[in-house]
Amino acid sequence: MKILVTAGPTREAIDAVRFLSNKSTGKMGYAVAKAAAEAGHDVILVSGPVALTQSDGLLEFVPVVSAADMAEAVKLRAPDCGMIVMCAAVADYTPAHPVDRKLKKTGGNLTLELKRTEDILKTLGQQKKPGQILVGFAAETDDVEAYARGKLAAKNLDWIAANDVSRPGCGFAADTNALTLYAADGRKFELPLQGKDEVARRMLEILLPSPR
Ligand code: CTP
């Protein structure tokens, strides 16, 4: 199966030398891409800027910077993918008026106006092909199940992998993770705290249980 995985943060330009981003390291997304390639799938990895080495055996590696770049790269490739796993921590807001030179400081404060980015996963949910499996991630600190199931329904997903990022060992930069997978048909699977590679393997076994 052709599987598209996104990973890492995005960077939203404020000016020529500054950006807004987040703490995502890309480790979970890279682990999912690696596990899928090792299971024999054709994997496209669309990655924001991270300090990781690209896995071997990918069909395609697409480096991107901003949420808009990621949206373009994903939407171009999504129609012929059997499964799309959106692990990336895509920025929800981007500076409304980025400047192409370096901003100089003044004596006063600076107010940045931010505008919403496209919700890539929501767009994919609206354009879902028959049989395509759409998987989102939800990083939450409270009411994990309610928020995760809300996103699953709102974005027309088949699965959502919820991460309680307030739990020790489950943060952005950790090498371990614990996930709960919620399916659109109501099923729920708990993946206990373990290495991100193992979490990724277990997750794929649940998402794609039958032989290819
Ligand atoms: N996502 C996306 N495009 C965006 C933002 C997020 O595709 N512009 C995807 C992420 O890759 C992830 C899921 O949507 O799979 C996260 O859902 P979201 O509702 O955006 O979560 P949060 O950003 O945590 O939102 P909130 O602050 O409302 O909890």
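Here are the numbers for the structure shown:
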| quantity | calculated |
| --- | --- |
| Residue check, residue 12 among the acidic types (Asp, Glu), over 15 Å from the mean Cα position of the chain (by Cα) and buried (at least 19 other Cβ atoms within 10 Å of the Cβ) | yes |
| Subset of region 55-87 [of a type in the set (Ser, Thr, Tyr) and away from the ligand (no atom under 16 Å from the Cβ)] | 55 |
| Any hit, region 30-41, residues being without any contact (Cβ under 8 Å) to a residue 60 or more places away in the chain, closer than 30 Å to residue 102 by Cβ and away from the ligand (no atom under 15 Å from the Cβ) | no |
| Region 108-133 residues that are over 18 Å from residue 183 (Cβ atoms) and in a loop (DSSP other than H, G, I, E, B), paired with ones that are open to solvent by 80 Å² or more (accessible area, probe 1.4 Å) and among the acidic types (Asp, Glu) (beta carbon under 9 Å, 6 or more apart) | 117/92; 119/92; 129/80 |
| Tally of residues being more than 18 Å from residue 120 (Cβ to Cβ) and more than 12 Å from the ligand (Cβ to nearest atom) across region 150-171 | 7 |
| Residue pairs meeting the criteria (Cβ under 7 Å; at least 6 apart or on separate chains; first without any contact (Cβ under 8 Å) to a residue 24 or more places away in the chain, in region 141-166; second within 9 Å of the ligand (Cβ to nearest atom) and small (Gly, Ala, Ser)) | 147/138; 151/136; 151/138 |
| Pick from region 125-149, criterion of a type in the set (Lys, Arg) and out of contact with any Leu (no Cβ under 7 Å at 6 or more places or on another chain), ranking: farthest from the ligand (Cβ to nearest atom) | 129 |
| Residues that are part of a helix (DSSP H, G or I) and more than 12 Å from the chain's Cα centre (by Cα), drawn from region 32-58 | 34, 35, 36, 37, 38 |
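The values are calculated or read from the model by the stated rules, or taken from the named source; none is laboratory data. Model, not experiment: these values are computed from the prediction. In this analysis, Cβ positions are derived from the backbone assuming ideal geometry, glycine residues included, and neighbour counts consider all displayed protein chains. Heads up: the accessible areas ignore ligands, DNA and RNA and are worked out on the full protein's heavy atoms, side chains in. Shrake-Rupley method; radii C 1.70, N 1.55, O 1.52, S 1.80 Å.
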